[in-house]
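The values are calculated or read from the model by the stated rules, or taken from the named source; none is laboratory data. Please read all numbers here as calculations on a predicted model, not as lab measurements. Reconstructed Cβ throughout: ideal geometry from the backbone, glycine too, with neighbour counts over all protein chains shown.
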Amino acid sequence: MSVLAALWGASYMFIKVALDDVSPFVVVWVRLVLAALVLLPIAHRRGALAELRPHASTILFLSIIQVAAPFLLITFGEKHIASALAGILVASAPIFTALLAFRIDREELATGWALVGIGIGILGVVLLFGVDLTGDSAALIGGLMVLLASLGYAIGPFEMKRKLRGVQPVGIAAATMTLAALLLTPVIPFVWPSHAPGIDTIGSLLVLGAGGTGVAFLIFYTLIAEVGPGRATVVAYIAPAFSVVYGVVLLDESFTAGTAAGLLLILSGSWLAAGGRISRSGLSRSTVPAPARAR
């Protein structure tokens with residue numbers, strides 16, 4: 001689990017490094033293509049792709065709302081905010097999930113401590129915007145982009161729960177990554193860099209796509225199978241800590257007391273909003289993220 005958290009937490013750092021040399025569209029497209037190359041053969045071997053034929057419209061929707069749009073929003077957002085801050089803000093997705101449940105899915109309705117978690121998490125977001133992003137309109141827009149990406153991550157699970165029950169998650173991931181890459185392909189000739197990217201950019205894109213997206217998803221699905229979805233989702237609360245460490249230590253990003261407080265509030269609020277209290281069996285009751293919900 002620590003390996004997965006380290007991979008996902010590093011994604012924001014690799015995005016930041018790659019943005020010094022190529023456009024956000026190129027970063028996302030290369031990431032998607034490499035992830036698809038990792039996931040497609042495995043999904044095909046398991047017969048997961050054949051299961052998706054009756055669900056083409058749902059896969060298209062998820063390719064946009066849960067893959068292409070969030071990836072682009074996060075990448076464009078990181079042009080204006082620190083990678084560590086992006087990693088923290090993305091962790092607010094369970095808060096959006098709990099809020100959306102009031103409108104979309106009464107089964108997921110937040111009560112008791114989950115409601116408290118929503119309030120705590122929102123307070124953490126407000127704190128980050130008030131302390132780390134105040135006075136800079138570009139940074140404010142960047143932060144809002146990342147929050148909007150979290151909203152996309154929160155919408156996807158509801159659609160998958162309603163329409164993709166019983167479908168293998170590796171097939172969903174492979175198909176949505178591939179389709180999202182195809183949707184962005186027409187733009188790439190117009191934004192492709194006129195110069196050869198540096199070795200640090202190439203390395204960052206390779207690790208981001210094949211490792212932080214492709215391999216990370218495979219590890220996540222393996223965890224779901226071995227320890228169950230409840231325990232597997234714990235990684236969502238560990239990854240932001242890795243993103244902060246990478247950003248501060250390797251990219252020399254600032255980490256203020258306000259940032260630390262915002263991180264603590266968002267993570268604790270998200271944990272509570274997702275029903276994260278530990279049950280007697282030792283398994284978290286956290287809301288299962290999109291891939292796990294399709295199982």
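Miscellaneous remarks
- Any hit, segment 207-223, residues being modelled with pLDDT under 70, within 19 Å of the chain's Cα centre (by Cα), in a helix (DSSP H, G or I) and of a type outside the set (A, V, I, L, M): yes
- Summed over segment 186-207, the residues that are within 15 Å of ASP20 (Cα to Cα) and either among the hydroxyl-bearing types (Ser, Thr, Tyr) or surrounded by 13 or more Cβ atoms within 10 Å (Cβ to Cβ) (or both) give a count of 10.
- Yes/no for ILE155 being over 18 Å from the mean Cα position of the chain (by Cα) and either modelled with pLDDT under 90 or not small (Gly, Ala, Ser) (or both): no
- Exclusive hit being closer than 19 Å to VAL28 by Cβ, among the aliphatic types (A, V, I, L, M), at pLDDT 80 or above and buried (at least 22 other Cβ atoms within 10 Å of the Cβ), set LEU89, LEU72: LEU89
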